[in-house]
Structure formats: C-alpha cells, structure tokens
Amino acid sequence: MALIVHKYGGTSMGSTERIRNVARRVGKWVRAGHQIVVVPSAMSGETNRLLGLAKELSPAQTTNAVMRELDALAATGEQVSVGLLAIALMNEGLDAVSYAGWQVPIKTDSAYTKARIESIDDQRIRADLAAGRVVIVTGFQGIDGEGRVTTLGRGGSDTSAVAIAAAMKADECLIYTDVDGVYTTDPRVVPEARRLATISFEEMLEMASLGSKVLQIRSVEFAGKYRVPLRVLSSFTDWDIAIDEEARSGTLITFEEAANMEQAVVSGIAFNRDEAKVAVLGVPDKPGVAYRILGAVAEANIDVDMIIQNMSREGKTDFSFTVHRNDYARTLDLLKTQVAPATGAAEVSGDPRICKVSIVGIGMKSHVGVAATMFRTLSEEGINIQMISTSEIKTSVVIDEKYMELAVRALHRAFGLDGEPAAA
Ligand code: ADP
Ligand code: ASP
Ligand code: MG
C-alpha cells in the first residue's frame, strides 16, 4: 500500500463527464489498495471567468484590499471542484470527504494572489485516510494568519499537490493533465515536440521558471526541497488502463543527473509571452544609478527579470530590463514621472510586444558553443535579438513576439529535438 497524491488540472475536471472519469481513475487506485489524496483545480475556464467578472467591476486591481477579495473570489472555483468530485466518488461506491484549504489547514503568508505555503497540518487528512476515505483537498488556496483565504498564483494547484505530498511524505505525487508528460517544448506550438521519459529537477525548474506552464515553478521547488517523487501524466487515457502501465507513463522528474539518460545538450525550449521591455536611456553613469532605477521599481512591488546595462559613452549609459506585462504601464509611468527626473535620464521607452525564448539543458554546462548555435539559428531566420541572458544551464533571448513560433520551431530543429515520442 502506498500513499499517493493525485492532482487533476482544469481541463481534466472540465465537465461532469470528465469528473466522473477522474472518480473512476481514483477508484481504480483505491481498489488496488492505495491511500489517495486528490487535489483538483477549478473546472477549466472558471478561474478566468471569476477574475474577468472582477475586472469588469474594477479594472485597476492593485490595492491589497482588492487583491484580498480577488483571492476570496478565485478560490471558489476549486471549492466547486472538490464538492463535485466527492459526490462523483461516492457515486462510484467510495467513501470520500472534501476539504477547502482553510479546513486542513494549509497556512500561507498574506501575499494575496501569490501567497506562499508556510505549513500544512495533515492530521485530519491522515485520520480520514486511516478510516478508508478518499480525501479531496482544494488546489490553489490556503489561509493566512488573519484567517483570510489566499491563493497561490496561477497554476498553483500543482504547488498545493506537491506541498501536501511533501508534508505527508507521500510515496509519489502524480500530476494528471491534458498532455501526456513534459515535452521538449509546448506541443501545442511545435507538433514535432517529443515527450521526455525523464527530466532532471534542475532542468524542470528552469523550464517552469522560463514559461513552460505544465508545472508551476513553486511546485518544482517544493519537489526539489523535499525530494518528492513527481510525475506528469495524462488524465485523458482510458481510466481503466492497467495501474502498472499508468504508473510508468508520462514524465518522471529525476533528482540525479546520471538518471537522465537522454543526454541531449539542450533538453528543452521554453518561451514566455508575459513580459514587457522597458529602457531608461542616457542616464549619467555613476555609482548608485542602478539602485536608483531598480530600487524605485522594487519599492513599487514590481518584479524585474532580465537586466542589461550598456557600456557607458561620454559618461552616459542605457539601462534596459523586463517586467511582467501586467506591470508594463505602471512601470513606464513610474520611470517617466519619478525615475527620469531623479536620475537625469534623457529618455524612457518600452515595448510590451516581446517574447523571451530560452534553451535549457544540463549538457550546456559541459559544452561550448551552444549559445552561438542559438544566435546563428535566429540570425538565419532573420530574427533580431534584443536582449540576452545566460546561466549555467540556460540561455534566454528577448525577441519581437511576432517571431515567437518561428524561433521556437527553428531552435527545436537546430538542437536535434524534432522527432518521435520517447518510449514509456
Ligand atoms: P492543467 O490545467 O492540467 O494544470 P496547464 O494548462 O496548466 O494544465 O498545463 C498543461 C499545458 O502546458 C499543456 O496543455 C501545454 O500546452 C503546456 N506546456 C507548455 N510547455 C510544455 C512542455 N514543455 N511540455 C508539456 N506541456 C507544456
Ligand atoms: N485554478 C487555478 C488557475 O487557473 C489554479 C490551477 O489551475 O492550478 O490558475
Ligand atoms: Mg496548470
């Protein structure tokens, strides 16, 4: 008997028919003798629908009080899912009970809309499992120190599931989704993308942080910190396929480099269309200038990603960086009204229509010339690179967003990733 956490995403929970399918799949695992905790997301489209309603009422949603209420609102999507799934499980002849995050409780900080899990009390879950029940816990939500409902950021049900698995020292956490594993890149953009039978934790962390939304980055961080065995697999197979076959399917996140037998220099390509570029031009190049620009941005609670400072010419330099596209207008306004006057900058400019494309691979640690291949491939396609950043196992470039698909496909081919799906 094993203790296993199952997570089902929005599409997998997208209709009563699909929920029935989830219930049957869970029932199969329970009847095989396992203890199962299920963490479902809201039904597909529901979180967007709820947040869209709020936006109709209040387009500028930046105050803490509004964000608190957005969380109270968005968390209801998962509340619906756990109730429906519990009913579906009982209809399959299983004993089941559902919990909202606050009932467990899953305690978080108070950073509304992107709260972090601080602790999970698993006592009630354990007692129910011991009594032979399937326990269903809402994804995406928790409760803060003031007793307010919080949410964990978009895609946060992955993190709920892995955090519960970590807290309970579960034997495995299975992330069931609408693709059958982690691919070399988003298979919806590159049909030639290949499923990876395994991916190293480090690579998965980079892929998630660089925009591959198949796993929320914090879920990968949790898996790494607590060594949670983590697998991404399809919820769209027939629910009654053999458990052994299902347990081996999809993509396993591995923690030892040697376990990654695929040995490609570049394992995957990620892209992110959620960023925007801003630049402060002609600032006097003297100590403290980076702090005066980025300090002001940080104070306004705006996260900065890539940063580039040019070599100075005649005592002046240019400063460019990227922010989340939702923060673009606010950042530009801040730079124009506060930073430029304070630093004596000549000009502030920006472009929200950019895309960050990244190549990721552990093999980059030991191979030279990988970035050069990336730049050559892009130049052969006539794609201009606006910004570059590198780390040990990734290289990212910022390009015009209209070339995103072209760039991803060309890089996928150039690094030998096109091909047949990997065997299970
Ligand atoms: P869920 O609702 O199950 O959480 P998500 O939509 O959050 O599902 O994540 C799954 C989606 O992630 C896939 O449908 C796919 O389009 C996208 N995706 C992006 N990059 C990758 C990748 N490298 N491998 C697999 N899927 C990816
Ligand atoms: N329902 C939430 C969202 O749409 C959480 C999740 O799906 O993981 O972001
Ligand atoms: Mg998701």
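Restricting the search to region 4-17, which residues are assigned to a helix (DSSP H, G or I) and in contact (Cβ under 8 Å) with a residue 40 or more places away in the chain?
Thr16
Of the conditions (1) within 30 Å of Thr237 (Cβ to Cβ); (2) buried (at least 17 other Cβ atoms within 10 Å of the Cβ), Arg68 fails just one. Which one is it?
(1)
Just to be sure I understand, how many residues within region 137-170 are open to solvent by less than 50 Å² (accessible area, probe 1.4 Å), within 16 Å of ligand 1 (Cβ to nearest atom) and in contact with a Ser or Thr (Cβ under 9 Å, 6 or more places away or on another chain)?
17
Against the conditions (1) closer than 18 Å to Ser98 by Cα; (2) open to solvent by 50 Å² or more (accessible area, probe 1.4 Å), where does Gln35 fall short? Just the number, please.
Of everything listed in (1) closer than 18 Å to Ser98 by Cα; (2) open to solvent by 50 Å² or more (accessible area, probe 1.4 Å), Gln35 misses just condition (2).
Report whether or not Ala42 is modelled with pLDDT of 95 or more, closer than 16 Å to Ala100 by Cα and aliphatic (A, V, I, L, M).
yes
Inspect all residues belonging to region 12-28 and state whether any of them is within 18 Å of the chain's Cα centre (by Cα) and among the basic types (Lys, Arg).
For region 12-28, residues within 18 Å of the chain's Cα centre (by Cα) and among the basic types (Lys, Arg): absent.
Output the residue which, of all residues in region 43-65 that are of a type in the set (S, T, N, Q) and open to solvent by less than 60 Å² (accessible area, probe 1.4 Å), is farthest from Ala329 (Cα to Cα).
Thr47
Can you go through Glu314, Glu275 and tell me which one is under 24 Å from the mean Cα position of the chain (by Cα) and either of a type outside the set (A, V, I, L, M, F, W, C) or within 30 Å of Thr113 (Cβ to Cβ) (or both)?
That would be Glu275, the only listed residue that is under 24 Å from the mean Cα position of the chain (by Cα) and either of a type outside the set (A, V, I, L, M, F, W, C) or within 30 Å of Thr113 (Cβ to Cβ) (or both).
Just checking, does region 384-400 include any residue being part of a helix (DSSP H, G or I) and at pLDDT 95 or above?
Within region 384-400, not a single residue is part of a helix (DSSP H, G or I) and at pLDDT 95 or above.
Conditions tested, residue by residue: (1) closer than 30 Å to Val323 by Cβ; (2) touching an Asp or Glu at 6+ places or on another chain (Cβ under 8 Å); (3) within 16 Å of ligand 2 (Cβ to nearest atom).
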{"residue": "Glu203", "(1), (2), (3)": "yes, no, no"}
{"residue": "Ala208", "(1), (2), (3)": "yes, no, yes"}
{"residue": "Gly211", "(1), (2), (3)": "yes, yes, yes"}
{"residue": "Ile217", "(1), (2), (3)": "yes, no, yes"}
{"residue": "Phe222", "(1), (2), (3)": "yes, no, yes"}
{"residue": "Asp238", "(1), (2), (3)": "no, no, no"}
{"residue": "Ile241", "(1), (2), (3)": "no, no, no"}
{"residue": "Arg248", "(1), (2), (3)": "no, no, no"}
{"residue": "Phe255", "(1), (2), (3)": "no, no, no"}
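The values are calculated or read from the model by the stated rules, or taken from the named source; none is laboratory data. All values reported here derive from a predicted model rather than from experimental measurement. Note that each Cβ is placed from the backbone with ideal geometry, even for glycine, and that neighbours are counted across all protein chains shown. Calculation scope for accessible area: heavy atoms of the full protein, side chains included, ligands and nucleic acids excluded. Shrake-Rupley method; radii C 1.70, N 1.55, O 1.52, S 1.80 Å.
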